[in-house]
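Okay, structure first, notes after.
Throughout, read-outs are computed from the coordinates displayed, never taken from laboratory work. Everything numeric here is computed off the predicted structure, so don't read it as measured data. Every residue, glycine as well, gets a Cβ built from its backbone with ideal geometry; the counts of neighbours run over all protein chains shown.
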Amino acid sequence: MEEITYSEKANPRTILKRTLDAVTTFLKSLFANPYQHNLSYQVDIQNEIVPAFDDVMETNYQRCLADVVEVDDDRLTTLGLNGTSLKAKVKGLNELSGLMKRGVRKAVIWLLSLINSVLGSIGKFTLFVDAITELKDLFESTTDLIQN
């Protein structure tokens, strides 16, 4: 996953958009080529999950980003999506991504778990991330991820 840049002075919405961009780019790559992370599909679903993800991105992604722009500061604070909470989540995503790139086998499991948490928080103000989360869950359920 590409590194997400964080700045204390940046608008949290900008950081959330960067986070969503990094997460969705990573998921698309993971769905298309799980072998790069020593994973493989256990059922024949790859030919369905990749186009399904593309459809979800085409249909929902811009609306999701629009919701990120429009959410109010109080809601972001309540959901832990600004300030030190957002900084911690971004650092966690970046660190786990780094471990994954260095070949730590369980890092992809930990990274997907944190992605689930972040998407869950974002999903409390935009329903458009639900379809992304469901495809991530489908991937986890149909690969040998659990055995790693």
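Things worth noting here:
- From least to most packed, judged by other beta carbons within 10 angstrom and beginning with the fewest, V68, V129 follow the order V68, V129.
- Cα-centre dipole for the chain with unit charges at Cβ (Lys and Arg positive, Asp and Glu negative), debye to 20: 700
- Contact order, relative form, for region 70-127: 36 percent (alpha carbon pairs under 8 Å, 6 or more residues apart, mean separation divided by residue count).
- By the rule of a C-alpha distance below 22 Å, with chain neighbours fewer than 8 residues away ignored, the lysines paired with K101 are K28, K87, K89, K91, K136.
- Only Cα sites of the chain enter the Debye sum here, all with the same form factor; the resulting log10 I(q)/I(0) across q = 0.13, 0.19 1/Å is -0.56, -1.16, listed in q order.
- Shape category assigned to region 72-143 from the gyration tensor of Cα positions, a/c cut at 1.5: oblate
- Cα centroid separation, region 77-117 to region 1-76 (Å): 13
- Sequence-separation-based contact order of the chain, relative, with Cα cut under 8 Å and 6+ spacing, percent: 34
- Calculated [θ] (222 nm, deg cm²/dmol) that DSSP helices of n ≥ 4 give over the chain, each run adding -39,500 (n - 2.57): -22500 deg cm²/dmol
- Three-way shape label, region 1-54, alpha-carbon gyration tensor, a/c 1.5: prolate
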